[in-house]
Amino acid sequence: MREPAPSTRDFDDPKLEALIEIMLLAAHADDEFSAEERVHFASSVESLTDGRIGGADLDALLVRLEAGLAADGRAARLAAVKARLADIAARKVALSLAVRLMAADGILRTAERELILETAEALEIDRDDAADIVKSLAP
């Protein structure tokens with residue numbers, strides 16, 4: 001029996017930022033942050049944070065997260081996300097959010113599929129579970 005996904009309403013700010021960071025990594029997977037992905041990203045963040053992070057606060061967070069990605073690289077940022085998301089259920093939520101964002105434009109490119117596998121491995125999510133997440137959310 002599958003456990004219900006945890007509610008992000010119960011997540012503290014570091015966990016929410018980890019989810020946003022996973023989504024940002026997903027947005028950069030194919031080096032193209034399309035208009036559809038941008039709209040989905042902003043809408044997802046607003047929904048995810050119940051409006052706590054948006055506008056200038058979101059812009060500042062993105063600048064900080066993008067600087068961390070540029071300085072540390074994707075593998076280090078994925079490790080940092082894993083550290084902030086201690087339980088597997090929260091990590092699966094993060095992967096689901098990433099898949100949804102990457103699939104927002106209706107296409108899952110090779111680079112995006114590779115990032116899904118890399119993310120699943122970095123977050124210690126079983127490949128079969130990751131495949132189930134993709135199957136349920138991707139076009």
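The values are calculated or read from the model by the stated rules, or taken from the named source; none is laboratory data. Given the structure is predicted, the values throughout are model-derived calculations rather than measurements. Quick reminder, even Gly has a Cβ in these numbers, built from the backbone with ideal geometry, and neighbours come from all protein chains shown.
Being outside any loop (DSSP other than H, G, I, E, B) and within 23 Å of residue 117 (Cβ to Cβ) is the requirement here; does residue 78 meet it?
Criteria met by residue 78.
Among the numbered criteria (1) within 17 Å of residue 23 (Cβ to Cβ); (2) among the hydrophobic types (A, V, I, L, M, F, W, C); (3) at pLDDT 95 or above, which one does residue 71 miss?
(1)
Exactly one condition in (1) under 16 Å from the mean Cα position of the chain (by Cα); (2) more than 13 Å from residue 21 (Cβ to Cβ) is not met by residue 55; state its number.
Condition (1) is where residue 55 drops out.
Does residue 29 satisfy being in a loop (DSSP other than H, G, I, E, B) and either among the aromatic types (Phe, Trp, Tyr) or under 14 Å from the mean Cα position of the chain (by Cα) (or both)?
Yes, satisfied.
Conditions tested, residue by residue: (1) free of Cβ contacts under 8 Å to residues at least 40 places away in the same chain; (2) over 21 Å from residue 9 (Cβ atoms).
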position: 47; (1), (2): yes, no
position: 55; (1), (2): yes, no
position: 74; (1), (2): no, yes
position: 113; (1), (2): yes, yes
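Could you count how many residues in the range 81-109 are assigned to a helix (DSSP H, G or I) and in contact (Cβ under 8 Å) with a residue 40 or more places away in the chain?
The total comes to 16.
Looking at the structure I just gave you, is residue 66 more than 15 Å from residue 100 (Cβ to Cβ), in contact (Cβ under 8 Å) with a residue 12 or more places away in the chain and either out of contact with any strand residue (DSSP E or B) (no Cβ under 8 Å at 6 or more places or on another chain) or in a helix (DSSP H, G or I) (or both)?
yes
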